[in-house]
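Working notes for the structure below.
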Amino acid sequence: MNTILVEQNTSVLLVVAAVMVLFLIAVDLIGPWLLQLLTRPVARHAPGAALRLASWRIVNDPRATWRRASNTAVLAFIASSLACAPFSYDLAENPTPTEQTFMDRAQPDLVTGGIIALGAGLLLTAAHLLITQASATVDRAHQSRALQRMGAPSAFALRTMWLETLLPLMGSTAMGSLMGVALAWPMRQQLIASGVAVTGTPWRLLVVLLLGLAIAAGAVAASTPLHHRLLQNDRRSND
């Protein structure tokens, strides 16, 4: 019996280690390439001009786009893995007072710690996104002015900016969430298979992640006045 339990624990640890290694590789190496690969068909066959222009910008510089979205992928990975992890469960039919006290005190500490870490990380990510988005708005000011001279409305450039930023954020969040579930799910299933009743899931972590995405959207919206100011300052550089 002990040998079977040791083999099960070893297999679960190997799965967890493999998922963590794959996720780190995906964030650092595969992320920009995967983003470019998935965006290229959209750039060629997108129905709207704004979506097509945003997709071509991502295809032409996937590393810069991924630098804005990779932090959200890591935070989504942490949130989803903690949300699926078996924090609250019955240790046995008749747990000892020590076991019961440990579980009663450890569960809220783990969830609260995860919420604090996620909240701080999301605020830092929003600040980083605000800076990089403002920098990208300034760098592409000549393109926005050129579109305005050709008759494109100001809303067109704004839609392009939103699509270029938020679509990679949503994609990286989905990827990080799936990898986090893949990390925590074997542990959860092993406890269920061994007869342990898993009774809780900290949904507050997912709520914090959704609020963080809303804050990120607010950071993108904060660069809108800068975009309008740059369009108004339409003059030649040698003047």
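One table, with the values for the structure above:
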quantity: Failed criterion for Thr137 (all others in (1) open to solvent by 20 Å² or more (accessible area, probe 1.4 Å); (2) touching a residue at least 24 places away in the same chain (Cβ under 8 Å) hold); calculated: (1)
quantity: Filter pass, Ile192 being open to solvent by 50 Å² or more (accessible area, probe 1.4 Å) and either among the acidic types (Asp, Glu) or touching a strand residue (DSSP E or B) at 6+ places or on another chain (Cβ under 9 Å) (or both); calculated: yes
quantity: Residues satisfying the stated conditions in region 115-135, i.e. over 13 Å from Gly212 (Cβ atoms) and among the β-branched types (Val, Ile, Thr); calculated: Ile131, Thr132
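Residue-wise test of (1) outside any helix (DSSP H, G or I); (2) at pLDDT below 70; (3) surrounded by 15 or more Cβ atoms within 10 Å (Cβ to Cβ).
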site: Asn71; (1), (2), (3): no, no, yes
site: Val74; (1), (2), (3): no, no, yes
site: Ile78; (1), (2), (3): no, no, yes
site: Phe87; (1), (2), (3): yes, yes, yes
site: Leu91; (1), (2), (3): yes, yes, no
site: Asn94; (1), (2), (3): yes, yes, no
site: Thr98; (1), (2), (3): no, no, no
site: Thr101; (1), (2), (3): no, no, no
site: Asp104; (1), (2), (3): no, yes, no
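The values are calculated or read from the model by the stated rules, or taken from the named source; none is laboratory data. Remember, predicted model here, so these are calculated numbers, not experimental data. For neighbour counting, all protein chains shown are included, and Cβ atoms are generated from backbone atoms with ideal geometry for every residue, glycine included. When the accessible area is computed, the model is the full protein with side chains, heavy atoms only, and any ligands, DNA or RNA have been set aside. Shrake-Rupley method; radii C 1.70, N 1.55, O 1.52, S 1.80 Å.
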